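A quick write-up on the structure given underneath.
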Amino acid sequence: MELTPRSPLTLPEPTREQIVFAAILRAGTGLSMLALVLGFLLYLGGLVPPLVPIGELPRYWGFSASHYLAATGLPRGWGWMGLVGHGDILNLVGIAMLGGLTIVCYLAILPVLLRKRDGAYSVIVALELIVLLLAASGLLVAAGH
Amino acid sequence: MTAADPTAWWVWPTVLFLVTTMLGIVTVVGGLGGGTIFVPLVSGFFPFHLDFVRAAGLMVALSGALSAGPDLLKKNLADLRLALPVALVTSASAIVGAKIGLALPTQPLQIALGGIVIAIMFVMLFARRADFPEVSAGDRLSRALGITGVYHEASLGRLVEWRVHRTWAALALFVLIGLMAGMFGIGAGWANVPVLNLVMGAPLKVAAGTSVFLLATTDTAAAWVYFHEGAVLPMIVVPSVMGMMIGARIGVRVLAVARPRSIRVVVVGVLLFAGVRLFLKGLGLWN
């Protein structure tokens with residue numbers, strides 16, 4: 001490690017990919033949080049009726065996830081999209097936005113790395129996208145059941 | 001749980017919000033990740049199933065990491081060249097960990113989680129930290145990937161140039177870290193920082209900043225598995241995330257006047273208590 005009080009080192013600007021990543025992260029986090037809070041207020045306020053009545057939740061939250069799905073009839077994977085008109089399911093939109101944010105950031109920096117002809121990191125980011133998209137796709141649910 | 005909980009539905013979510021707000025304050029002042037303390041505490045003392053708590057723990061850690069990420073990246077305190085290869089390993093293993101965690105019965109998971117939480121407490125108490133580890137030359141992999149950087153160390157008022165070594169050994173450790181993060185839903189900052197700092201030789205501040213960035217990717221991967229398996233219950237996730245966010249903002253203000261060392265002692269005590277509770281709950285000795 002080099003401490004350099006007299007060296008000619010200059011503090012480099014963050015790389016282009018770091019700036020892009022940071023900008024998307026900042027905007028996306030704010031937007032996702034807003035969606036999360038709005039969805040939850042609509043749910044709590046009863047403005048959008050939930051699929052599982054709010055007063056019955058204590059019956060279910062001690063169940064395992066698989067038992068909960070079986071008891072409520074909620075679908076695995078992306079099946080909730082068809083039920084998004086219900087207050088409790090509507091909340092999943094904000095949560096999915098938070099989960100998708102990093103993926104958007106990786107998608108945005110891949111062209112930056114390609115333009116810089118940074119082969120190793122382009123491959124690493126492409127592989128990371130495959131991993132995250134696989135997790136987000138819901139395909140692993142089908143594989144596990 | 002086989003019978004209906006007689007408590008009104010809003011009681012536990014309200015208590016959860018208040019507790020996570022306190023956790024948010026304490027974790028900022030104590031310099032810890034929220035997910036690490038959230039999962040043992042909530043699964044130990046709330047009526048929610050461990051599946052829902054782990055998913056909420058991942059979302060809490062993810063939200064915190066996403067919020068802190070932009071500033072860390074802009075200040076070069078989270079370094080993408082260091083983070084990206086590690087993130088690839090931790091995210092892939094976190095998915096495997098999450099699948100294993102959701103397939104295992106609850107009791108052995110509680111016992112294992114209790115044991116790990118107690119181990120984390122010892123890591124927090126006794127792990128060394130090196131502000132500026134000595135790395136004379138990077139290893140072949142880190143040189144090939146160009147993992148090196150410069151950041152401004154405000155406490156010294158000068159620039160610090162850094163590089164890393166033992167990259168392969170660290171990546172092997174990150175496989176285990178990702179597995180545990182996915183399996184137990186705990187943020188992995190407590191493990192990321194020592195490996196980045198002591199094994200790879202990144203300066204402590206770069207290790208801490210890069211660890212936060214890593215959490216954003218690792219927890220995203222694991223959270224999607226829990227999400228698709230129906231373990232994300234908004235009534236648990238949203239109060240937890242909001243409480244932690246509000247608490248963290250209060251914590252930043254409290255930080256100016258608090259005594260972090262005392263707070264850290266309290267956090268370690270809470271971790272020990274929650275770990276023992278979980279361990280005994282898993283053994284059926286304290287239900």
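Just so it is clear, none of the values below were taken in a lab; they were calculated from the coordinates. Quick caveat, the model's predicted, so the values are computed rather than measured. Here the Cβ positions follow ideal geometry from the backbone for every residue, glycine too, while neighbour counts run over all protein chains shown.
Okay, helix-only estimate at 222 nm for chain B: each DSSP H run of n ≥ 4 adds -39500 (n - 2.57), divide by all residues, round to 500 deg cm²/dmol; what do you get?
Counting only the DSSP helices, I get -24000 deg cm²/dmol.
Give me the Å³ per residue figure for the convex hull around the C-alpha atoms of the range B:79-163.
Value for the range B:79-163: 144 Å³ per residue.
Please identify the trypsin sites (Lys or Arg not before Pro) of the range B:47-92 that satisfy two criteria: DSSP loop assignment and at most 12 other Cβ atoms within 10 Å. Which are they?
Sites meeting the loop and neighbour criteria: none at all.
Give me the one-decimal nm value for the distance between modelled label points at B:Arg253 and A:Leu47, 7 Å along each residue's Cα-to-Cβ direction.
2.7 nm
What three numbers, in Å, describe the spread of the alpha carbons of chain B along their principal axes, ordered from the longest?
62, 42, 30
Counting partner chain Cβ atoms within 10 Å of every residue's Cβ in B:42-49, what's the average?
Mean shielding count: 2.
For the range B:175-186, take each phi angle, set θ = phi - 60°, evaluate the Karplus expression 6.51 cos²θ - 1.76 cosθ + 1.60, and give the result in whole Hz per residue in order, putting x for glycine and proline.
Values per residue, Gly and Pro as x: 4, 5, 4, x, 4, 5, 4, x, 5, 10, x, 9 Hz.
With +1 assigned to the C-beta of every Lys and Arg and -1 to the C-beta of every Asp and Glu, and no other charges, what is the dipole magnitude of the range B:1-102 about the Cα centre in debye, to the nearest 20?
With Lys and Arg at +1 and Asp and Glu at -1, about 280 debye.
What FRET efficiency would be calculated for the residue pair A:Leu129, B:Leu18, taking the C-beta separation as r and a Förster radius of 60 Å, to the nearest 0.05?
0.95
To the nearest 20 debye, what is the magnitude of the charge dipole of chain A about its Cα centre, counting +1 on the Cβ of each Lys and Arg and -1 on the Cβ of each Asp and Glu?
220 debye
Let me see the pair-distance distribution of the range B:136-287: every alpha carbon pair, 10 Å bin width, integer percents in order.
It works out to 9, 25, 35, 23, 7, 1, in whole percents.
Could you give me the ³J(HN,Hα) list for the range B:197-202, computed from phi with Karplus coefficients 6.51, -1.76, 1.60 and θ = phi - 60°, whole Hz, x at Gly and Pro?
For the range B:197-202, the Karplus curve yields 7, 8, 8, 7, x, 6 Hz.
Among A:Ala23, A:Phe40, A:Ser64, whose Cα projects farthest towards the positive end of the dipole of the range A:22-145, with charges put on the beta-carbon of Lys, Arg (+1) and Asp, Glu (-1)?
Of the listed residues, the answer is A:Ala23.
Between A:Ala108 and A:Leu83, with labels modelled 7 Å along Cα→Cβ, what's the label distance in nm to one decimal, could you check?
3.3 nm
Go ahead and set up a Gaussian network model of chain B, Cα springs under 10 Å, then flag whichever of B:Met244, B:Met124, B:Met200 fluctuates most.
Answer for the Gaussian network model of chain B: B:Met124.
Under a no-solvent Debye model with one identical scatterer per Cα of the protein assembly as shown, what's log10 I(q)/I(0) at q = 0.06, 0.07, 0.13 Å⁻¹?
These q points yield log10 I(q)/I(0) values of -0.23, -0.32, -1.12.
Towards the positive end of the charge dipole of the protein assembly as shown, with charges on Cβ (+1 Lys, Arg; -1 Asp, Glu), say which of B:Ala181, B:Pro6, B:Thr27 has the farthest Cα.
B:Thr27
Within straight cross-link reach of B:Lys205, meaning Cα distance under 28 Å, which lysines are found once same-chain residues fewer than 8 apart are removed?
Straight-line reach from B:Lys205, under 28 Å: A:Lys116, B:Lys74, B:Lys75.
Using 10 Å bins from zero, what percent of all Cα-Cα pairs in the range A:16-97 falls into each bin?
Taking all Cα pairs of the range A:16-97, the binned fractions are 17, 39, 28, 13, 4, 0 percent.
Contact order normalised by length for the range B:145-286, with contacts defined as Cα pairs under 8 Å and 6 or more residues apart; what percent is it?
Relative CO of the range B:145-286 lands at 15 percent.
So what's the Cα pair-distance distribution over the range B:156-246, bin width 10 Å, in %?
Whole-percent P(r) values from 0 Å outward: 15, 40, 27, 15, 3.
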